[in-house]
Amino acid sequence: MKKKTILLLYGLVLLLFTHKVFAAQTQPGMPGDKHIVYFGRWDKSNSAQYVSYWGGAYIRVNFTGTTVKLIAGNKSNFYSRIDDGPWVSHLNGKDTVDLTTKPLLNGLHTLVIAQGKDYDYIFKFDGLVLDDGARTEKPKVSEKMVEYIGDSITTGYTDAQAEVSDYAWVAAEDLGVEHTQIAYPGVNLVTWPNKGNGTIIQYFKARSFKFQDSPDWNFKTYTPNVIVINLGTNDNNNRVPDTVFQRVYIELLTRVREKFPKAEIFALRTFLDLKTAPTIAAVKVRNAAGDDKVHFIDTNGWLGPRKSDDYTDGLHPSINGHKKAAKLLEPIIAPYLN
């Protein structure tokens, strides 16, 4: 009899423990909440904390209640948007950050949180704090996706709300599709002496260029329909020879094609017309090899001169410049996203 009692008590303890673990895992707003949708490259190995190492990674979720807070696992810059309101900047946000400057009306709301400009590009998401009794719902998301590969120009680096104001983000949002930005300020396409890994190496890694020894990225995680590449500005500034740039560009196009056999790949002429000839040549080599899903986009005339309002410093587009570039890019890639 005593043995049966001990077994019964043990079973009850085990049941309570299992219930608590299950409840913690399914609590609305926690990283593993099935209603939260993640875009970009996220490390989900820790169920209590999802981490992104690339700017422009974001989440979408619907929630009920009148307030919502973010639990940040590290100090970083990020932006939030509730319903159709403006983007709100949270600079050096850490711990528990209130995302509602004033209480919302009771009901169902949409929330987007995007990683912003940091020097390390680490965004640790520990979950959301909702009102008592509030719930989450899965938001409406597009089945189509654009992936952008680039440098500081693609990240909108000099804009006050970098990432959510650059041409890459704006174009995808205007078209109503999801997007990722595998871009980092100052990066070359080519791996060059004293410059660290080039995109030819780091694009295939899970973490950004600050993490040179990053593990490989699992390319089965998501599949973009369109890939837009904007590289060459830093290679030009670092005096990478055109012959080397062209060879490595061909290699990048070839390896990206291996990862995404059906994607349409677009190579942009850099907005300042740098490394244009080797970029065109690389596209032609891939076309000659039978890949007719690789295209060159001539951006000549998209933006004004370096000293115009289209630039902040003669190199990086201004918010106005990004909007102009986005509007001109949209009709080119839209047919491949329908």
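Bear in mind that the values in this text are calculations on the coordinates, not laboratory data. Model, not experiment: these values are computed from the prediction. Cβ placement follows ideal geometry from the backbone for every residue including glycine, while neighbour counts extend to all protein chains displayed.
Would you work out the charge dipole size for the chain about its Cα centre, treating the Cβ of every Lys and Arg as +1 and the Cβ of every Asp and Glu as -1, and quote it to the nearest 20 debye?
1160 debye
Please give the calculated 222 nm ellipticity per residue for the chain, where each DSSP H segment of at least 4 residues contributes -39500 (n - 2.57) and the sum is spread over every residue; nearest 500 deg cm²/dmol?
Calculated at 222 nm, the ellipticity per residue is -8500 deg cm²/dmol.
Compute the projected area of the convex hull of the Cα atoms of the chain, averaged over all viewing directions, and report it in nm² to one decimal place.
21.2 nm²
With a 10 Å cut-off between alpha carbons and a GNM built on the chain, which of Tyr79, Tyr222, Tyr203 moves the most?
Tyr222
Could I get the Rg over Rh figure for the range 37-137? Both from C-alpha atoms, Rh via Kirkwood, rounded to two places.
So for the range 37-137, dividing Rg by the Kirkwood Rh gives 0.94.
Is the range 201-294 best put as rounded, prolate or oblate by its Cα gyration tensor, with a ≥ b ≥ c the root eigenvalues, rounded for a/c under 1.5, and otherwise prolate when a/b is larger than b/c, oblate when not?
oblate
Which one of Val228, Asn197, Ile332 has its Cα pushed farthest toward the positive end of the charge dipole of the chain, where Lys and Arg give +1 and Asp and Glu give -1 at the Cβ?
Farthest towards the positive end: Asn197.
List the residue ranges in the chain for DSSP H helices whose C-alpha atoms run 27 angstrom or more along the long axis and whose Kyte-Doolittle average is -0.5 or above.
Within the chain the helices that satisfy the rule are 2-26.
Shape call for the range 145-336 from the C-alpha gyration tensor, a ≥ b ≥ c root eigenvalues: rounded (a/c under 1.5), prolate (a/b greater than b/c) or oblate?
Because its axes are fairly even, with a/c under 1.5, the range 145-336 counts as rounded.
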